[in-house]
Amino acid sequence: MAAADHTRVPRLIFIVQGVLLVALGAAGLALGQHGSLFDSQPTTAVIGLQLSPVHSLILLAAGVLSIVMAVVRALLGLLAIVQFGAFAVLFMYGLGEPQAFGFNAGSHFLHLGLITIASVCGLMIASPHMGGEH
């Protein structure tokens with residue numbers, strides 16, 4: 001029982017994050033102008049984020065993936081790694097190409113926040129396996 005206790009908080013964080021990302025993605029799709037789902041130009045703004053249909057779909061998919069992987073305890077570490085890598089790439093690409101995919105400052109802060117969550121949760125998951133005492 002004690003070995004699994006270190007995953008309780010990261011699992012909860014990833015589940016809440018997933019629910020929020022699903023809500024954000026769904027709001028972007030619902031409020032956006034209806035056109036092609038693969039349009040990369042922003043069609044709506046939700047809490048300061050310029051969302052295109054593609055951005056909304058990515059947020060929706062990331063949220064669902066976060067919830068599913070957080071529920072399966074064996075995938076929790078992989079979720080932290082994948083989330084860190086994916087959003088780090090988006091963050092760096094968005095800084096290099098500021099108008100790419102319609103990213104704005106809100107998008108950069110969202111990506112940076114998701115990178116931070118992945119880093120902190122990854123360390124919490126790995127903490128029992130780090131150091132000299134096992």
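Could you tell me whether Met124 is more than 13 Å from Gly18 (Cβ to Cβ) and in contact (Cβ under 8 Å) with a residue 40 or more places away in the chain? Answer is yes for this residue.
Every condition in (1) buried (at least 17 other Cβ atoms within 10 Å of the Cβ); (2) modelled with pLDDT under 90; (3) more than 16 Å from the chain's Cα centre (by Cα) holds for Met124 except the one numbered (2). If you go through segment 69-82 and keep only what is assigned to a helix (DSSP H, G or I) and without any contact (Cβ under 8 Å) to a residue 40 or more places away in the chain, you end up with Ala74, Leu75, Leu78, Val82. Of the residues making up segment 103-121, those that are crowded, with 18+ Cβ neighbours inside 10 Å and part of a helix (DSSP H, G or I) are Ser107, Leu110, His111, Leu114, Ile115, Ile117, Ala118, Cys121. Whether a residue is of a type outside the set (Lys, Arg), modelled with pLDDT of 85 or more and out of contact with any Leu (no Cβ under 7 Å at 6 or more places or on another chain) was assessed, and Leu75 passes this test.
Comparison of Gly113, Gly94 shows that the only residue that is modelled with pLDDT under 90 and not hydroxyl-bearing (Ser, Thr, Tyr) is Gly94. A count restricted to segment 84-119 and to residues that are in contact (Cβ under 8 Å) with a residue 60 or more places away in the chain and either under 21 Å from Ile13 (Cβ atoms) or aromatic (Phe, Trp, Tyr) (or both) stands at 4.
Restricted to segment 42-87, and to residues there that are farther than 22 Å from Gly28 by Cα and small (Gly, Ala, Ser), the residue that is surrounded by the fewest Cβ atoms within 10 Å (Cβ to Cβ) is Ala74.
The values are calculated or read from the model by the stated rules, or taken from the named source; none is laboratory data. Every value quoted in this text rests on a predicted model; they were computed, and no experiment measured them. Methodologically, a virtual Cβ is constructed for each residue, glycine included, from the backbone with ideal geometry; neighbour enumeration extends over all protein chains shown.
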